[in-house]
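Trainee: Pasting a structure below so you can have a look.
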Amino acid sequence: AMGGVVNFVSYRPSYTRVFQTKGRIGTEFNTVNNCWANNANIQFTTNKWYLMLTGSFRTAQNTQTPGGVLPNSQFHDVSWSLKGGILYSENQEVLVNYQHVGGWDIGLPGGRSFPATASARYSGIERNQLSGEYILSKINPNLKEIRFKAYTQNIIRNVELKPADPTVKMFPGSNNKTTGAKLTSDWRFTDYHNLKLGVEGWQRDAYTSRLTLKTTSDSTLIGTGDQPTPKALMFDLGVFAHY
C-alpha cells in the first residue's frame, strides 16, 4: 500500500456475566440514486458463549449527476453473517464465522468509452466465507497466546456484456476458491520485549468461462463457449515474525 495500511477488525460480541440479548434495526434512503438500505443485527451472550446474526439489503437505481443521469449504475445486493464463540475454559476459546454476500443486476457504467447501444453489468455475484479459530491463552509466563485458524472462501462472478452489435451477447464468468490455515504465537518476555511468530499457507483455484450468443438474420441463435484464461492453481506458504 503506497500510503499506508488499513487493518479492518470486524466486531464480535463480548461474553457477559448473565444471559443478555440485544439487537438493532436501521434503514436509510439516498436521493442521489433512490437507494434504500436496510440492516438488522441481533446477538445473544452469556459467560460461556455468544451468537450474533447480521443482515442487510440494498437496492438502488441509476445515479443522478450534475451532467444528468448516469446510465447503468443501478445495483442490488444482500448480505448476512453468523458469528459464534464458545469459551471452554478460562484459557480456551473457539470462534466460528460465516459470511455471505450476493448481488444482481449491478450496472458497470462505461461513460464515453461505451457506445450508446453497449452495456455491461454483473448479472450475479456471490461470496461465501467460512472460518474457524482455536485460541489457547495464558500458557506460561512467556507464551501469552497461540491461535490456529482455518478458512475457505468462494467468489463467483457472472457478467452480461452487450457490445455495439445488437445481435451479440457475451456472458463471461469466473469462480475463485481460496482455502488456507494460519498458526500464530504471541511471546511476552518483558514489558519491552515482545515477539510474534507465525506460519500461513493457502491455495487458490481460479476458473473462467465465456458464452457468446449471436442471433443471425434468420433469427437462428448460435452459441459458442470458450475459456478466456487457463485454469489456474496457486499455492503460497510463508513464515513471519515481528519483534
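The values are calculated or read from the model by the stated rules, or taken from the named source; none is laboratory data. All values derive from a computational prediction rather than experimental measurement. All Cβ positions, glycine included, derive from the backbone under ideal geometry; neighbour counts span all protein chains shown. Just the protein is used for accessible areas: all its heavy atoms, side chains included, with ligands, DNA and RNA removed. Shrake-Rupley method; radii C 1.70, N 1.55, O 1.52, S 1.80 Å.
For (1) open to solvent by less than 70 Å² (accessible area, probe 1.4 Å); (2) outside any strand (DSSP E or B); (3) within 23 Å of residue 75 (Cβ to Cβ); (4) not aliphatic (A, V, I, L, M), each residue gets a yes or a no:
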position: 165; (1), (2), (3), (4): yes, yes, no, yes
position: 175; (1), (2), (3), (4): yes, no, yes, yes
position: 180; (1), (2), (3), (4): yes, no, no, yes
position: 188; (1), (2), (3), (4): no, no, no, yes
position: 200; (1), (2), (3), (4): yes, no, no, yes
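Trainee: Filter the strands (runs of 3 or more DSSP E) completely within region 17-121 down to those with at least 1 residues that are of a type outside the set (Lys, Arg) and in contact with a helix residue (DSSP H, G or I) (Cβ under 9 Å, 6 or more places away or on another chain).
Mentor: The qualifying strands (runs of 3 or more DSSP E) are 68-70.
Trainee: Does residue 34 count as at positive phi, in contact with a strand residue (DSSP E or B) (Cβ under 8 Å, 6 or more places away or on another chain) and either surrounded by 12 or more Cβ atoms within 10 Å (Cβ to Cβ) or touching a residue at least 40 places away in the same chain (Cβ under 8 Å) (or both)?
Mentor: Yes; evaluated as a whole, the condition is true for this residue.
Trainee: Determine which member of the set 114, 44, 57 is over 30 Å from residue 14 (Cβ atoms), open to solvent by 30 Å² or more (accessible area, probe 1.4 Å) and among the aromatic types (Phe, Trp, Tyr).
Mentor: Going through 114, 44, 57 in turn, the sole match is 114.
Trainee: So, one more: Within region 73-98, how many residues are in contact with a Leu (Cβ under 8 Å, 6 or more places away or on another chain) and buried (at least 17 other Cβ atoms within 10 Å of the Cβ)?
Mentor: 6
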